[in-house]
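In what follows, a structure is listed as structure tokens, so that the remarks can point back to it.
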Amino acid sequence: MSNVKCDHCHLVFDESVMINENKLNFCCKGCQGVYHLLQDDGLDSFYDKLGNKTISPPLEVQDDTNRFDTKSFENTFTSINKNGFKQIDLIIEGIHCAACVWLNEKVLYSTDGIISADINFTNNKAKIIWDEDKIKLSQIILKIRSIGYNAYAYDASVADEQAAQSKRDYFIRMMVAVFASVNVMMLGVAKYTGFFTGIEDEIKHYIHVAEFIFTTPVLFYSGWIFFKGAYFGLKNRILNMDFLVSSGATLTYIYSLYVMFGGKGESYFDSVTMIITFVLVGKYLEVIGKKSAIDTLDKIKSSIPLEATIIEDGIKKTIALNNIKIGNIVEIRSGEKVCIDGIILSGEGSFNESSLTGESIPIFKKIGDTLFSGTINNDALIRYKVTKTYKDSTLNSIVTLLEDSLSSKPEIEYRANEISKGFTLTILGLSLLTFIVWYFFGIDLGFDYEGVNHFEKSFIVSISVIVIACPCALALATPIASLIGISQLAKKGLLFKEAKFIEILAKADTLVMDKTGTITKGELKVKKSNILDDNIHKLNLLYSLLEASSHPISKSVKKYLKEEYKNLEIKNIIDVKNIQAKGMIAKYKNIDGNSFDLIGGNMELLKQNNINYEFNSANSIYIFAINKKIIASFELADEIKEDAPELIKDAFKNGLEVIMLTGDNEAVAKKIADEVGINKFVSNIDPIGKANYIKKLKEEGKIVVMAGDGINDSVALANADVSVAMGNSADITISVSDIVLLNNSLSSLQYAFKLSRRTYKFIKQNLLISLVYNMVTIPLAMAGLVIPLVAAASMSLSSLLVVANSLRIKLKND
């Protein structure tokens, strides 16, 4: 019987085991089913993309897919994005090439209910977003299995183990290469000494054999990762750095074998070992960097305890964090860490929040104050009510943000990668051109190649071009600097959700800032009050209206009233409406059925309701009226943050235009702007107005950074090129922001601008180093002035220069 190729997986089998169907041949029912599924769904172009490549037959998985829909699985692996859709990271088994990625994405995108399906070919990790009302996760898994692949949830601990394993593997391969290289170089000393003083052919042959013994494991064991990388690159029609290294080393090795077995010329086994060793050292440094990033995340994760003590019906229980629910009462003793965010119910004491803010000074907390996960209880027995689940807790959110930022790339890195793709093909062309010119035209601008035949001379020079032009430095230029920049910013309590915001922040030309809670402390205090009618019933209505508002002005007036009047009561007011940037209105009916219109807010709200009242003040004001009669007025002032003027000054110094947006009146806005040194501001602006103002700036070609802290800032923040949220911001504000200042300090924002500019400067320096290096060394190699050994050393030196230059980001002074 003859061998026949399967029409789906393209693997060859004996004709006797094949399933025949209308001139089609399948090795199994799985391949037959997938083939018809693709044909029926109009996805038969998959086979055009697959070409002559083979894939594995469909995987047969017997486990129950219902477990993907269980509550425990959902709580552990899925999340809800800002649009309300479910999201999960899956690892897809069976992906071998770009065609596999195309097929999976095509099938998933065409499935009703799946919003997004993006697969990373390098690690087979798929980010799936779906509408739970239309499709279940188990159905998505079955869809993936139906086309011959399998999927399981991505586990970060597995990624950690893979990173550690990769580090160990690289280290062993590197040590084998270093050991062999040292021995080859010792033999090389004898060989090159004999080259100049004379050496017998028999001794020279033994040296070649010894070099061969040491070089072979270096090339095929230590250098295996380069062959593997080159193979997968070629498989996907990409000529990468690994192809340059493996091809250059292999061609040099083959030529050296030719010399060892009697050919004329000199062997270059030493060049092979050094090429592999030098590049492997650079690869190992990159692996260490990735492992270091994961270790940083692990260190942060270690700040969260695995269990917590809860109080249930007066009984203490120890349960896992994932089982803690909102509303549970948690008890922490002195020295213990807060596991999940909550509000203190009993006890008071100091808390070390350095793991979040970077500030070592303990913060005193009392009943009603918020506790953040990862912080340490210094000196008290505290019981608090849980307000967030473990998944949404502060510290776990920080870890998620860091994971996302470390895996993202700035725009400049994408551009560098595009350059790298064409770089390899260009170098191979130059190498071939160099060989042709040297061999056919006999050019000799370099070394005196005495005793070396014409072919060898041309061959060695062309190999030198390949080796010296390795694009490692170009590939490392951006990620190394970005990694260091992100880690330095995190140490200062600055969380960048994506690395690309470093570049945008460095290029920004406009800084827009909210006033309350951003430029000021957001702690308004009543400086002056005028109670026109101190009837306790009317003051109770004022107190009730204030209770219904979460605005800082309302909170401050309410606090003032509580201190001045001890017996205030909350009344049942109705039809409460919030008038954005102006105040609140409501109604109240007494037991007699009489109705009262309540109005509390600024002058704009009074005018809107046809209430005439003359009141001029440079401070914020709050006026309360019942049935259009003024009952009381209050003047409030906010304190400016100590580091605000310095930030503004530094921004102007670095060419940024600073604009303040506020819903306050013009007099208050001007007073604050003058105090901090801002010469451009917009007052009496509502949240939609802020967002439109940001859009207008962007339409004018401005690169806008906005800093804010309130829910009213969230729409404007979402429209900025880079949005910055204060650490005490509302959850929605943090969710739409790109950068979070955990310590709520404007000096941190100043540092973010400074380090972003610094990091971006070093990224450009790194790219310049790489480009200048290639512009200088490639012509030298083509002219024959560099042998492969020196080429390998200089190529690795360029990578080390990029790494060393990036490390300078950590220095305080350049």
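So the check is Cβ under 7 Å with 6+ separation or different chains; which pairs have a first residue in the stretch 361-380 that's acidic (D, E) and a second one that's modelled with pLDDT under 85 and surrounded by fewer than 16 Cβ atoms within 10 Å (Cβ to Cβ)?
D379/S334; D379/S350
Please go through the stretch 481-540 and give me each residue that is among the polar types (S, T, N, Q), at pLDDT 80 or above and open to solvent by 30 Å² or more (accessible area, probe 1.4 Å), ordered by number.
S529, N530, N535
Which of the residues spanning the stretch 547-593 are in a strand (DSSP E or B), closer than 24 Å to N619 by Cβ and open to solvent by less than 90 Å² (accessible area, probe 1.4 Å)?
I579, G583, M584, I585
Answer with yes or no whether D664 is modelled with pLDDT under 85, under 23 Å from L697 (Cβ atoms) and either open to solvent by less than 40 Å² (accessible area, probe 1.4 Å) or not β-branched (V, I, T) (or both). Full working, then the answer.
Working: modelled with pLDDT under 85: yes; under 23 Å from L697 (Cβ atoms): yes; either open to solvent by less than 40 Å² (accessible area, probe 1.4 Å) or not β-branched (V, I, T) (or both): yes.
For D664, the condition - modelled with pLDDT under 85, under 23 Å from L697 (Cβ atoms) and either open to solvent by less than 40 Å² (accessible area, probe 1.4 Å) or not β-branched (V, I, T) (or both) - is met.
Can you tell me which residue among E642, E675, E635 is open to solvent by 40 Å² or more (accessible area, probe 1.4 Å), acidic (D, E) and not in a loop (DSSP other than H, G, I, E, B)?
Working: E642 fails: not in a loop (DSSP other than H, G, I, E, B); E635 fails: open to solvent by 40 Å² or more (accessible area, probe 1.4 Å).
None of the others qualify; the one that does is E675.
Consider S544 against the criteria (1) under 30 Å from A673 (Cβ atoms); (2) part of a helix (DSSP H, G or I): it satisfies all of them except one. Which criterion is unmet?
Only one criterion in (1) under 30 Å from A673 (Cβ atoms); (2) part of a helix (DSSP H, G or I) is unmet by S544, namely (1).
Can you name the condition, by its number, that I626 falls short on among (1) open to solvent by less than 20 Å² (accessible area, probe 1.4 Å); (2) farther than 18 Å from Y543 by Cβ; (3) among the aliphatic types (A, V, I, L, M); (4) in contact with a Lys or Arg (Cβ under 7 Å, 6 or more places away or on another chain)?
With respect to (1) open to solvent by less than 20 Å² (accessible area, probe 1.4 Å); (2) farther than 18 Å from Y543 by Cβ; (3) among the aliphatic types (A, V, I, L, M); (4) in contact with a Lys or Arg (Cβ under 7 Å, 6 or more places away or on another chain), I626 is out only on (2).
Check I319 against each of (1) under 30 Å from I427 (Cβ atoms); (2) at pLDDT 75 or above; (3) surrounded by fewer than 21 Cβ atoms within 10 Å (Cβ to Cβ) and name the one condition it does not meet.
If we test I319 against (1) under 30 Å from I427 (Cβ atoms); (2) at pLDDT 75 or above; (3) surrounded by fewer than 21 Cβ atoms within 10 Å (Cβ to Cβ), just (1) comes out false.
K653 fails exactly one of the following numbered conditions: (1) over 26 Å from I502 (Cα atoms); (2) open to solvent by 80 Å² or more (accessible area, probe 1.4 Å). What is the number of that condition?
Exception for K653: condition (1).
When the stretch 594-626 is examined, which residues are found to be touching a Ser or Thr at 6+ places or on another chain (Cβ under 7 Å) and not in a strand (DSSP E or B)?
F615
Quick check: anything in the stretch 677-687 closer than 19 Å to V557 by Cα and among the polar types (S, T, N, Q)?
no
Modelled with pLDDT of 80 or more and surrounded by fewer than 20 Cβ atoms within 10 Å (Cβ to Cβ) - does that describe any residue in the stretch 443-463?
Scanning the stretch 443-463 turns up no residue that is modelled with pLDDT of 80 or more and surrounded by fewer than 20 Cβ atoms within 10 Å (Cβ to Cβ).
Before we move on, is D379 open to solvent by 60 Å² or more (accessible area, probe 1.4 Å), at pLDDT 75 or above and in a loop (DSSP other than H, G, I, E, B)?
So D379 fails the test.
In the stretch 510-550, what count of residues is obtained for those that are without any contact (Cβ under 8 Å) to a residue 12 or more places away in the chain and under 41 Å from the mean Cα position of the chain (by Cα)?
1
Looking for whichever is in contact (Cβ under 8 Å) with a residue 60 or more places away in the chain and farther than 13 Å from R383 by Cβ here; the options are I326, I311, I315. Which one fits?
I326
Examine the stretch 785-795 for a residue that is in contact with a Cys (Cβ under 7 Å, 6 or more places away or on another chain), open to solvent by less than 40 Å² (accessible area, probe 1.4 Å), assigned to a helix (DSSP H, G or I) and modelled with pLDDT under 75, and state whether such a residue exists.
Yes, the stretch 785-795 contains at least one residue that is in contact with a Cys (Cβ under 7 Å, 6 or more places away or on another chain), open to solvent by less than 40 Å² (accessible area, probe 1.4 Å), assigned to a helix (DSSP H, G or I) and modelled with pLDDT under 75.
Can you tell me which residue among S756, S748 is modelled with pLDDT of 85 or more and more than 15 Å from T518 (Cβ to Cβ)?
After ruling out the rest, the residue left standing is S756.
Given (1) farther than 23 Å from A691 by Cβ; (2) assigned to a strand (DSSP E or B); (3) touching a residue at least 24 places away in the same chain (Cβ under 8 Å), identify the lone condition not met by V658.
(1)
Would you mind telling me which numbered condition in (1) modelled with pLDDT under 75; (2) within 30 Å of G663 (Cβ to Cβ) T478 fails?
(2)
Please go through the stretch 709-729 and give me each residue that is surrounded by fewer than 23 Cβ atoms within 10 Å (Cβ to Cβ) and modelled with pLDDT under 75, ordered by number.
I711, N712, V715, A718, G727, N728
Report yes if some residue within the stretch 324-336 is at pLDDT below 85, of a type outside the set (S, T, Y) and either over 16 Å from E307 (Cβ atoms) or open to solvent by less than 50 Å² (accessible area, probe 1.4 Å) (or both); otherwise report no.
Scanning the stretch 324-336 turns up no residue that is at pLDDT below 85, of a type outside the set (S, T, Y) and either over 16 Å from E307 (Cβ atoms) or open to solvent by less than 50 Å² (accessible area, probe 1.4 Å) (or both).
The values are calculated or read from the model by the stated rules, or taken from the named source; none is laboratory data. These numbers come from a predicted model, not from an experiment. A quick note on method: Cβ atoms are made from the backbone with ideal geometry, for glycine too, and the neighbour counts reach across all protein chains shown. Only protein heavy atoms, including side chains, enter the accessible area calculation; ligands, DNA and RNA are left aside. Shrake-Rupley method; radii C 1.70, N 1.55, O 1.52, S 1.80 Å.
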